[in-house]
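Here, each number is a calculation from the coordinates, and none is a lab measurement. Note that this is a predicted model, so its numbers are computed, not measured. Glycine also receives a Cβ, built like all others from the backbone with ideal geometry; neighbour counts cover every protein chain displayed.
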Amino acid sequence: MTARIARFREVFGWGALWMAPVLTAGACAPLPGQEVPYVQTPHHVVDAMLRLAAVGKDDVVYDLGSGDGRVVIAAARDFGARGVGIEIDPRLVAESIRWAARARVAERVRFAQGDLFQTDLSPATVVTLYLTREVNARLRPKLLRELRPGARIVSHRFDMDDWPPERELRVEGEASEHVVYLWVAPGRRLAARSVQLDEATIRAEVEKIRQPGMMNVPRVDGEFLHDLVAGRGYRRGLEIGTSNGYSAVWMALGLRKTGGRLITLEIDAHRADLAAENFKRLGLEPYVELRRGDALKLVPTIEGPFDFVFIDAWKEDYPKYFELVFPKVRSGGAILAHNVLSHAPALRAFVEMLQTHPQLETHIDRRSSAGISVSIKK
Ligand SMILES: C[S@@+](CC[C@H](N)C(=O)[O-])C[C@H]1O[C@@H](n2cnc3c(N)ncnc32)[C@H](O)[C@@H]1O
């Protein structure tokens, strides 16, 4: 951090920092080759950027215009990655080296004084940027040429002109919101590692799954499933009837909080393919396992106990599913069935059975017109 910037921050706070170079530009000539003034990314935004890129110990993070080295140091210190910082200002390079030593990550990071346009980017698996929109756009052909397929590019504040990002994240700031963008180098559409998205992004993205003919539950029911899983701390879940994965995403989001996992069953190959793609796209693969085939045959092969079972397949089969899953649900666990209101005639006898079952406490959740029966096992 330059003294000039540090002083500015003391006087005006972080929120005003983006203006600092503008205000000081006349006072200090840019270095030869310096494309962009030095402005820091706040530490919590650095953390959000590295999380958005799902940085891990096998990554090599290149920060282009590395300033005081904070991105590379955080990648090594907090995520176990290796990192390289490229910075044109030698004073900042020297400062970065000192910070890295203090953070005890000197062996995992390297800082080089140089021009980011002249740097070979091929070893990078993640590239981080806080440049300008115009510099990003000029850098884009180099990124596409040199980065390996699946490498992630994260930019603070500035997009890449007409290259749409895979993800866009908004992070609260002291004075204003910070926007962070993620791109994945093409060649393989998705990064090898599933990207850890923040909850707000998943809650927004989940609606893109909804499609005519996929029979997805209403959003309020998805939210209810999430709240039940997270609120009761459920960890082992089973879903019968994945379709293209809408309800499973809500449950997986809850399970991400409890450290659990959902097994979800789907008989239709096309819907199962779509679900698999959706789980991957939303980075939820660690929390949901898709099994393809007939649930009536699959359930007997799956070992319990389960904390909850969500039944949302063909309605006439509900009694058979119930018989199969009941012994596998633990005491205190829940058996949930969808459409008990919208398909009341077809499910009347089934619901009566649930309500009179001596080992169940059943109520009907009516927040959507579909209706979910919630039966807690005594
Ligand atoms: C109502 S949709 C599920 C919607 C999903 N829960 C959601 O909210 O996105 C019912 C699904 O159950 C599947 N299904 C029906 N019978 C099945 C069986 N015996 N085994 C596995 N899946 C089955 C259908 O192919 C269909 O995709």
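Taking only Cα atoms and a 10 Å spring cutoff, compute GNM fluctuations for the chain and point out the largest among Ser66, Ser176, Ser247. Looking only at Ser66, Ser176, Ser247, the largest GNM fluctuation is found for Ser176. Rounded to the nearest 5, what % of DSSP beta bridges with both residues in segment 199-377 are antiparallel? Here the share of antiparallel DSSP bridges comes out near 35 percent. Using a cut-off of 31 Å between Cα atoms, the listed pairs Lys280/Lys378; Lys257/Lys328; Lys208/Lys328 include Lys280/Lys378; Lys208/Lys328 as exceeding that distance.
In this structure the amide hydrogen of Phe111, modeled in the peptide plane, comes within under 5 Å of the amide hydrogens of Gly85, none closer than 5 places in sequence on its chain. Comparing Val84, Val288, Val340, which has the greatest mean-square fluctuation in the GNM of the chain with Cα pairs linked when under 10 Å apart? Most flexible of the set in this elastic network: Val340.
All other residues with a Cβ under 11 Å from the Cβ of Ser243 taken together, and with Lys, Arg as +1 and Asp, Glu as -1, what is their net charge? So the environment of Ser243 carries a net charge of -2.
How far is it, in nm, from the label point at Arg366 to the one at Gln118 when both lie 7 Å from their Cα along the line to the Cβ? My value for the distance between the label points is 7.4 nm. Simple spin-label estimate for Met353 and Glu289 gives 2.7 nm between the two label positions (7 Å along the Cα-to-Cβ direction from each Cα). In the chain, the calculated helix contribution to ellipticity at 222 nm averages -10500 deg cm²/dmol per residue, counting -39,500 (n - 2.57) for every DSSP H run with n ≥ 4. The charge dipole of the chain, taken about its Cα centre with unit charges on the Cβ of Lys, Arg, Asp and Glu (plus for the first two, minus for the last two), comes to roughly 680 debye. Gaussian network model of the chain, Cα springs within a sub-10 Å range: biggest mean-square fluctuation belongs to which of Asn278, Asn244, Asn136? Result: Asn136 has the largest fluctuation of those listed. Note on Glu323 and Leu296: their simple-model spin labels are 1.0 nm apart, each label 7 Å out from Cα toward Cβ.
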